[in-house]
Amino acid sequence: MGVSETMRAVRITEHGGPEVLALTEVAVPTPRAGEVLVQVGAVALNNTDLWTREGAYGRAGDPEALSGWRGPIAFPRIQGADVAGRVVAAGAGVDERLVGRRVVVDPALYDTEGPDANPVGLMGSERDGGYAEYVTARAERVHDVTDSPLTDDQLATLPTAYGTALGMIERGRLRTGETALVSGASGGVGLALVQIARARGARALAISSGTKIDAVREAGAHHVLDRARGLAEQIRTAAPEGIDVGLDVVAGDLVGEGLPLLREGGRWVIAGALGGYGVHFDVRRLYLHNAQVIGSAMHTPTHFALLMDLARQGAVQPVVAAAFPLDQAAEAQEELARRRHVGKIVMHP
């Protein structure tokens with residue numbers, strides 16, 4: 001397959017607002033040994049894109065420090081973690097049969113080579129990502145989904161949102177017949193949590209508000225709770241025996257409010273802090289009830305492989321809220337930040 005020498009890409013050269021996103025012409029990256037070159041069909045947006053651009057992650061001992069996902073960013077950086085596309089070239093040592101296959105890229109950079117490795121970096125933050133016409137990736141991190149019934153737009157929504165959701169569900173040990181509480185249910189991770197929990201045979205109670213409630217219910221939630229009203233009472237009514245697993249991307253005050261509603265041996269899994277990273281709760285609600293608070297950052301290679309099996313089967317149906325061209329990356333990120341949409345926003349190079 002013919003590949004041009006240059007490509008369009010959106011890069012940031014410093015932390016800041018949407019104005020730091022710059023469309024530019026750069027060289028097409030050359031795949032190294034063990035890598036492939038992927039022509040990007042669609043790239044999905046995530047909150048990680050906003051927070052990486054803003055430098056909002058902080059550092060251990062300095063929560064206000066400007067930082068990328070796991071530390072300082074080497075600028076300039078092409079953003080974008082979530083890529084679906086086709087392999088167009090292979091580096092040395094890579095099976096040439098991958099060329100031409102439709103793939104999804106696992107965006108995580110792991111601490112080891114094992115199946116249960118932890119993510120310690122992210123494409124679009126610690127290495128260049130998919131806000132471009134082409135991106136390189138290690139061959140073992142691209143998953144062949146050629147036969148998936150999902151569109152490229154839908155496939156692009158999976159890596160971070162659904163990968164994060166599946167990681168939360170696996171770490172929270174959600175089982176068939178259990179009740180899960182999902183916060184932020186209208187967002188990409190929230191909808192993914194609802195769909196995967198339901199596919200697991202669990203009962204999904206979802207927190208949403210306003211005009212988004214119907215869409216969350218249509219996505220598969222068994223019961224939708226209105227966050228504009230008293231949540232604790234709604235949860236007690238919907239789950240009088242308590243919840244087994246809290247799947248939380250909001251944190252803030254919700255942690256202290258939700259922990260007393262866990263059943264004996266319940267698990268509260270946190271993978272975001274949309275409601276604030278400072279939390280307060282009564283620690284007695286943990287040790288007296290054998291409850292657990294679990295941090296969850298994305299997924300392991302094992303989790304991602306399970307997710308790709310779901311994609312090949314069409315067992316999840318991602319909701320695409322809007323699509324933008326690459327040259328409107330700033331507008332796309334601004335729309336993401338407004339949080340008026342349900343589902344995921346994607347871009348086309």
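The table below gives the values:
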| quantity | calculated |
| --- | --- |
| Residue within segment 182-198 that is of a type in the set (A, V, I, L, M, F, W, C), buried (at least 22 other Cβ atoms within 10 Å of the Cβ), farther than 29 Å from Pro119 by Cβ and out of contact with any Cys (no Cβ under 6 Å at 6 or more places or on another chain) present | no |
| Within segment 155-213, tally of residues that are part of a loop (DSSP other than H, G, I, E, B), polar (S, T, N, Q) and within 13 Å of the chain's Cα centre (by Cα) | 1 |
| Residues being in contact with a strand residue (DSSP E or B) (Cβ under 6 Å, 6 or more places away or on another chain), modelled with pLDDT of 95 or more and not small (Gly, Ala, Ser) - total across segment 290-319 | 5 |
| Flag for Gly188 being in contact with a Leu (Cβ under 8 Å, 6 or more places away or on another chain) and within 18 Å of Ser296 (Cα to Cα) | no |
| Index of the failed condition, Trp51 passing every other in (1) part of a loop (DSSP other than H, G, I, E, B); (2) out of contact with any strand residue (DSSP E or B) (no Cβ under 6 Å at 6 or more places or on another chain); (3) within 20 Å of Gln333 (Cβ to Cβ) | (1) |
| Test: residue in segment 274-293 that is touching a Phe, Trp or Tyr at 6+ places or on another chain (Cβ under 6 Å) and closer than 19 Å to Gly163 by Cβ | no |
| Thr157 being open to solvent by 10 Å² or more (accessible area, probe 1.4 Å) and among the β-branched types (Val, Ile, Thr) | no |
| Residues satisfying the stated conditions in segment 286-308, i.e. free of Cβ contacts under 8 Å to residues at least 40 places away in the same chain, surrounded by 12 or more Cβ atoms within 10 Å (Cβ to Cβ) and part of a helix (DSSP H, G or I) | Leu286 |
| Filter result (closer than 26 Å to Gly58 by Cβ and open to solvent by 50 Å² or more (accessible area, probe 1.4 Å)) within segment 261-274 | Leu274 |
| Test: residue in segment 125-145 that is open to solvent by 20 Å² or more (accessible area, probe 1.4 Å), assigned to a loop (DSSP other than H, G, I, E, B), within 19 Å of Met298 (Cβ to Cβ) and at pLDDT below 95 | yes |
| Output for segment 37-64, where each listed residue is in contact (Cβ under 8 Å) with a residue 40 or more places away in the chain, in contact with a Ser or Thr (Cβ under 7 Å, 6 or more places away or on another chain) and not small (Gly, Ala, Ser) | Leu37, Asn46, Thr48, Thr52 |
| Residue in segment 224-237 that is out of contact with any Ser or Thr (no Cβ under 8 Å at 6 or more places or on another chain), part of a strand (DSSP E or B) and either modelled with pLDDT under 95 or among the hydrophobic types (A, V, I, L, M, F, W, C) (or both) present | no |
| Scan of segment 309-349 for residues that are open to solvent by 60 Å² or more (accessible area, probe 1.4 Å), within 17 Å of the chain's Cα centre (by Cα) and within 22 Å of Leu274 (Cβ to Cβ), ordered by number | Arg339 |
| Which listed residue, of Val250, Val283, is surrounded by 17 or more Cβ atoms within 10 Å (Cβ to Cβ) and either under 23 Å from the mean Cα position of the chain (by Cα) or over 30 Å from Ala311 (Cα atoms) (or both) | Val250 |
| Subset tally (residues that are assigned to a loop (DSSP other than H, G, I, E, B) and of a type in the set (A, V, I, L, M)) for segment 89-124 | 4 |
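Here's the yes/no breakdown for (1) in contact with a Lys or Arg (Cβ under 7 Å, 6 or more places away or on another chain); (2) within 18 Å of Ala81 (Cα to Cα):
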| position | (1), (2) |
| --- | --- |
| Ser4 | no, no |
| Ile12 | yes, yes |
| Pro18 | no, yes |
| Leu23 | yes, yes |
| Ala33 | no, no |
| Val36 | no, yes |
| Val40 | no, yes |
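One line per residue, one yes/no per condition, for (1) farther than 21 Å from Leu109 by Cα; (2) at pLDDT below 95; (3) of a type in the set (Gly, Ala, Ser):
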| site | (1), (2), (3) |
| --- | --- |
| Ala156 | no, no, yes |
| Leu166 | no, no, no |
| Arg173 | yes, no, no |
| Thr179 | yes, no, no |
| Val182 | yes, no, no |
| Ala197 | yes, no, yes |
| Ser209 | yes, yes, yes |
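The values are calculated or read from the model by the stated rules, or taken from the named source; none is laboratory data. Not measured: the values here are computed from a predicted model. Because the Cβ atoms are built from the backbone with ideal geometry, glycine has one as well, and the counts that use them run over all protein chains shown. SASA here: full protein model, heavy atoms, side chains in, ligands and nucleic acids out. Shrake-Rupley method; radii C 1.70, N 1.55, O 1.52, S 1.80 Å.
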